[in-house]
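Engineer: Quick one: the structure is below, questions incoming.
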Amino acid sequence: MTQQPVLEIYTEFTPNPESLKFVTNRMLLPQLSIDCKNVQESEEVPLAKEVFTFPYVNGVFIANNFITVSKKPGYAWDEIIPEVKDFLKEFIKEGKTVVTQNYKPAQSENPVAAPTGKEGELETRIRELLDVYVKPAVENDGGAIQFKSFHEGIVTLILQGSCSGCPSSTVTLKSGIEGLLKRMVPEVKEVVAEAA
């Protein structure tokens, strides 16, 4: 029987001073990300629900092998980090459920029709560019970006995790993502963000 490596959790600061990324050497949510802005949204996400019991927690984002915790103003990270790390170690060691089988991603409730024609081809190209060039960098900063729509030259994205409410997200969106998409897909006129 193969033993799992010793559980490790370390923190990474994100561009958002109110969010911190807790990274572990265990997979938490393969092929899925969950963004809980409040305890009500965490009903089927036991990990997030328990993190919300801490008085300083303002948001929880879980993806792959990390959890991004957003704090309320007035709290200092040096006071929060040890408590959250200890909690996460116990939660993971005990093998508790991260997300229940009853969890339904918000997007599946309102499926978007498959794009067709010229706009559909452009949408596919935009999604590919986001997947290859943007998502890895954004995830590295403790957040996520989701494609919502492409209509009349405007790409609408949803920012999650540390990206939501980040002071530098506008610069990233306009200088980085919009610049990339305009160069690679000339039909793109603008990129806008929508709150998750």
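Engineer: Please find, within region 34-67, the residue that is nearest to P136 (Cα to Cα) out of those that are part of a helix (DSSP H, G or I) and among the β-branched types (V, I, T).
Structural biologist: It comes out as V51.
Engineer: Which residue is surrounded by the fewest Cβ atoms within 10 Å (Cβ to Cβ), if the candidates are limited to region 17-35 and must be closer than 14 Å to A144 by Cα, modelled with pLDDT of 90 or more and out of contact with any Lys or Arg (no Cβ under 8 Å at 6 or more places or on another chain)?
Structural biologist: Here the residue is K21.
Engineer: Does F91 satisfy being modelled with pLDDT of 95 or more and within 13 Å of the chain's Cα centre (by Cα)?
Structural biologist: No; evaluated as a whole, the condition is false for this residue.
Engineer: Further, regarding this structure: If I go through region 142-193 residue by residue, how many of them are out of contact with any Leu (no Cβ under 7 Å at 6 or more places or on another chain), surrounded by fewer than 18 Cβ atoms within 10 Å (Cβ to Cβ) and outside any helix (DSSP H, G or I)?
Structural biologist: 13
Engineer: Out of (1) of a type in the set (S, T, Y); (2) more than 22 Å from F13 (Cβ to Cβ); (3) over 19 Å from the mean Cα position of the chain (by Cα), what's the single condition that is false for Y75?
Structural biologist: (2)
The values are calculated or read from the model by the stated rules, or taken from the named source; none is laboratory data. The model shown is predicted, which means the values in this text are computed figures rather than measured ones. Don't worry about glycine lacking a Cβ; one is built from the backbone with ideal geometry, like all the others, and counts go over all protein chains shown.
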